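The values are calculated or read from the model by the stated rules, or taken from the named source; none is laboratory data. Note that the coordinates shown come from a computational prediction; the quantities given were computed from them, not determined experimentally. Every residue, glycine among them, receives a Cβ derived from its backbone with ideal geometry; neighbour counts consider all protein chains shown.
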Amino acid sequence: MLELYRQLNCTFTDAEKEECVPVIARIMELAQQTRFKGLLSLDEPNKTEPNFFLKTGIALAVDSYKPEEISEYLQTLILADAHKGSELLSRMIMAQGIIEIVNGNNPFAIAQKLSAMLGEEYMKRGPEYYRDFKA
């Protein structure tokens, strides 16, 4: 997913980046839930997930798709819909976050990696910022 991010060579405004902060917070919640209750614990709450893209990615993870398969599937969705701005960035963050969760990475490490997609200023905030973020 990060390769797609580099290939698209997109630039995002500060406002577009700020719109993605809740996405990182949501991924961090999912990562914490997975860490304590396992990947299958995402199945029931996913039934009411309002974001189709995130819902799709979680379903693939719960259904035991490999990280490479999830990445390919989600990249195809990203490219097919030709989103721009914060919609594009949020989908790329969601996709990378799901892959990180499937790989079993620490929620704080995931938050740091995802915040790097927003830039240095967001990394300086630290993972606690995303954990405590209230939309």
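Looking across segment 97-109, the residues that are modelled with pLDDT under 95 and assigned to a helix (DSSP H, G or I) come down to Pro107, Phe108, Ala109. When Leu54 is tested against the conditions (1) within 20 Å of Arg131 (Cβ to Cβ); (2) assigned to a helix (DSSP H, G or I); (3) under 16 Å from the mean Cα position of the chain (by Cα); (4) modelled with pLDDT under 95, the lone failure is (4). Listed by first and then second residue, the pairs with beta-carbon distance under 8 Å, at least 6 apart or on different chains, first residue in segment 43-58 and basic (Lys, Arg), second assigned to a helix (DSSP H, G or I), are Lys55/Asn46. Out of curiosity, is Arg26 over 13 Å from the mean Cα position of the chain (by Cα), surrounded by 14 or more Cβ atoms within 10 Å (Cβ to Cβ) and in contact (Cβ under 8 Å) with a residue 12 or more places away in the chain? Answer is no for this residue.
Examine segment 71-89 for a residue that is in contact with a helix residue (DSSP H, G or I) (Cβ under 7 Å, 6 or more places away or on another chain), surrounded by fewer than 16 Cβ atoms within 10 Å (Cβ to Cβ) and small (Gly, Ala, Ser), and state whether such a residue exists. Within segment 71-89 (the criterion being in contact with a helix residue (DSSP H, G or I) (Cβ under 7 Å, 6 or more places away or on another chain), surrounded by fewer than 16 Cβ atoms within 10 Å (Cβ to Cβ) and small (Gly, Ala, Ser)), the answer is yes, since at least one residue qualifies. Thr34 meets each of the listed conditions (1) under 13 Å from the mean Cα position of the chain (by Cα); (2) surrounded by 18 or more Cβ atoms within 10 Å (Cβ to Cβ) apart from (1). Here Lys66 meets each of (1) under 14 Å from the mean Cα position of the chain (by Cα); (2) surrounded by fewer than 18 Cβ atoms within 10 Å (Cβ to Cβ); (3) of a type outside the set (Gly, Ala, Ser) with one exception, condition (1).
Is it the case that Met123 is of a type in the set (A, V, I, L, M, F, W, C) and farther than 13 Å from Ile27 by Cα?
Yes.
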